[in-house]
Amino acid sequence: MQPAQNTRQDDEATALFNPAFCGAVLNRACAAFVGKADAPLPLTYAYIVLPASLHKQTRENLPKTTATSMWTWIRDNPLLFVDIADRVTDFKQLTSDGILFGIRHGVLQSDDFGLLPSQLKRRPRSLRPTEDWESCMNTAVFLGKWFATSDSDEATTLARWGFRP
């Protein structure tokens, strides 16, 4: 019974860590950002969205509403940020591949200011999203809105997340 469970986890990890899924996650974040800021999602934010959206512990510890101050949440959750730089580095290639896949397949658009969403095609009925899949998508939407409503510029936001632009 145990090997079947491990196979399922491996299959789900393979499904979640691929450029097509990452492009779809970024599409959701971009759509949410554009909906709130009426501007493209800065490219640098995409490199935070994926490591945060695909990291279960981060997903589970995000606040319930974007009205919560991002800066207060960051200050109150230091353990989530101990390895954020490593996660962003580890996800760098996957994020780049997701962006390129999204642009090539019409899921994302780019301009001089960042990333924009394109219209996603309907999901095939045979594709049944898992709880993790839904959670990653919902987190991407949340982060897109949260970044859009932050009261700081991009450089300050990155600095507060622990990065130097």
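Some points to look at:
- At most 15 other Cβ within 10 Å, DSSP loop - chymotrypsin sites (Phe, Trp or Tyr not before Pro), the range 85-151: F113
- Per-selection Kirkwood Rh - the range 125-165 (Cα, Å, 1 d.p.): 12.1 Å
- Over the chain, DSSP H runs of length four or greater, each weighted -39,500 (n - 2.57), average out per residue to a 222 nm ellipticity of -20000 deg cm²/dmol.
- Length added when fully stretched, T149-S69, from 0.36 nm per residue minus Cα-Cα: 27.8 nm
- Counted without the sites themselves, the longest stretch of the chain free of trypsin sites (Lys or Arg not before Pro) in a DSSP loop having at most 11 other beta carbon atoms within 10 Å is 1-63.
- Evaluating 6.51 cos²θ - 1.76 cosθ + 1.60 at θ = phi - 60° for every residue in the range 132-138, the Karplus couplings come out as 5, 4, 4, 5, 4, 5, 5 Hz, glycine and proline recorded as x.
- Bridgeable aspartates and glutamates around K56 (alpha carbons under 18 Å apart, same-chain partners fewer than 8 residues away excluded): D10, D11, E12, D76, D83, D86, D90, E131, D132, E134.
- In whole percents, the pair-distance distribution calculated for the range 76-165 from its alpha-carbon pairs, binned every 5 Å from zero, is 3, 10, 12, 24, 25, 14, 8, 4, 1.
- Anchor K36: lysines whose Cα lies under 23 Å away (excluding residues fewer than 8 positions away in-chain): K64, K121, K145
- Taking every alpha-carbon pair under 8 Å whose residues sit at least 6 apart, the chain reaches a relative contact order of 39 percent.
- Å³ per residue enclosed by the Cα convex hull of the range 33-81: 93 Å³
- Using only alpha-carbon positions in the chain, the gyration tensor eigenvalues give semi-axes of 25, 20, 14 Å once each is multiplied by 5 and square-rooted (largest first).
- Globularity index of the range 42-108 is 1.23 (Cα radius of gyration / 2.2 N^0.38 Å, N = number of residues).
Every number in this text was worked out from the coordinates using simple rules, so none of it is lab data. Here the structure is a predicted model, which is why all the values come from computation and not from measurement. Quick reminder, even Gly has a Cβ in these numbers, built from the backbone with ideal geometry, and neighbours come from all protein chains shown.
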